[in-house]
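Student: Would you mind keeping the following structure in view while I ask a few things?
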Amino acid sequence: MDNKKNLLIIRRLQRETFQGRKDLRIGVWKTRKVISDDWDATYEHYINTTNCEDCDIELVSGNKCNNRKCLDHCHTTGKVRAVICHTCNLRRGREDAIERITGHPYNPLQRF
């Protein structure tokens, strides 16, 4: 039990440093199969982006907000596309799913 407790303390301390937060964030992206040629540049862009690159709404931190910051990536290639809000990220995900299913780019004017 002491090892588990020590690991939790180490993780909490790690989150308190810039490098620790950076390593944790990049680690999450990698587990989600995100691909980047330069993780340092990707992280810097993510940290410094203040508005959604799709709808221009101001981005906030937190897990419950629709305008929280998301790193958008293509689920086919894994490549990073943009830093956007949660709402735009969900929309892009639906558009990508429709394109994968139909084999055609998403067109909001087209009826199924």
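Student: Let's test the formula: R0 of 35 Å, r as the Cβ-Cβ distance of Asp40 and Arg94. What FRET efficiency results, to the nearest 0.05? Display every interim value, and only then the final one.
Tutor: Numbers: r = 31 Å, r/R0 = 0.89.
After rounding to 0.05, the efficiency reads 0.65.
Student: Would you kindly derive the ³J(HN,Hα) couplings of the range 8-13 from the backbone phi angles with the Karplus curve 6.51 cos²θ - 1.76 cosθ + 1.60 (θ = phi - 60°), listing them in order in whole Hz, with x for Gly and Pro?
Tutor: My calculation for the range 8-13 gives 5, 5, 4, 5, 5, 5 Hz in order.
Student: What number, rounded to the nearest 500 deg cm²/dmol, is the helix-based mean residue ellipticity at 222 nm of the chain, given -39500 (n - 2.57) per DSSP H run of at least four residues and division by all its residues?
Tutor: Numbers: 4 runs with 55 residues, N = 112.
Mean residue ellipticity, 222 nm, calculated: -16000 deg cm²/dmol.
Student: Can you give me the long-range amide H partners of Ala82? Hydrogens built in the peptide plane at 1.01 Å from N, cutoff under 5 Å, separation of 5 or more residues or another chain.
Tutor: Those lying under 5 Å, H to H, from Ala82 are Asp72.
Student: What full-extension length gain, to one decimal in nm, is calculated for Ile57 and Gln14 as 0.36 nm per residue of separation minus the Cα-Cα distance? It would help to have the intermediate numbers written out before the result.
Tutor: Values: separation 43, 0.36 × 43 = 15.48 nm, distance 3.06 nm.
Length gained, Ile57 through Gln14: 12.4 nm.
Student: Now a separate question. Each residue of the range 53-70 in order: what ³J(HN,Hα) in whole Hz does its phi give by Karplus 6.51 cos²θ - 1.76 cosθ + 1.60, θ = phi - 60°, with x for Gly and Pro?
Tutor: After applying 6.51 cos²θ - 1.76 cosθ + 1.60, I find 6, 9, 10, 6, 6, 5, 8, 10, 8, x, 9, 9, 8, 6, 9, 6, 6, 10 Hz.
Student: Let me ask something additional. Where does the longest stretch of the chain lie that holds no trypsin sites (Lys or Arg not before Pro) found in a DSSP loop with 16 or fewer other Cβ atoms within 10 Å? Can you show the working numbers first?
Tutor: On the way: sites that count: Arg32, Lys33, Lys64, Arg111.
In short, 65-110.
Student: Keeping to pairs on different chains or 8 or more places apart, tell me how many lysine pairs in the chain have Cα atoms under 22 Å apart.
Tutor: The result is 10.
Student: Quick one: net charge of Gly62's neighbours, Cβ under 10 Å, K/R +1, D/E -1? Let's see the in-between values first.
Tutor: Details: positive: Lys64, Arg68, Lys69; negative: none.
My count for the surroundings of Gly62 gives +3.
Student: Continuing with this model, one more query. Determine the percent antiparallel among the DSSP beta bridges restricted to the chain, to the nearest 5. If you can, show how the numbers build up before the last one.
Tutor: Details: 6 of 8 bridges.
Bridges in the chain that DSSP calls antiparallel: roughly 75 percent.
Student: If you scale each eigenvalue of the Cα gyration tensor by 5 and take the root, what three semi-axes come out for the range 13-52, rounded to whole angstrom and sorted largest first? Working shown, then result.
Tutor: Values: eigenvalues 55, 42, 16 Å².
One finds semi-axes of 17, 14, 9 Å for the range 13-52.
Each value in this text was obtained by applying a stated rule to the coordinates, not by laboratory testing. Keep in mind that what you see is a predicted model, and the values were worked out from it rather than measured. Reconstructed Cβ throughout: ideal geometry from the backbone, glycine too, with neighbour counts over all protein chains shown.
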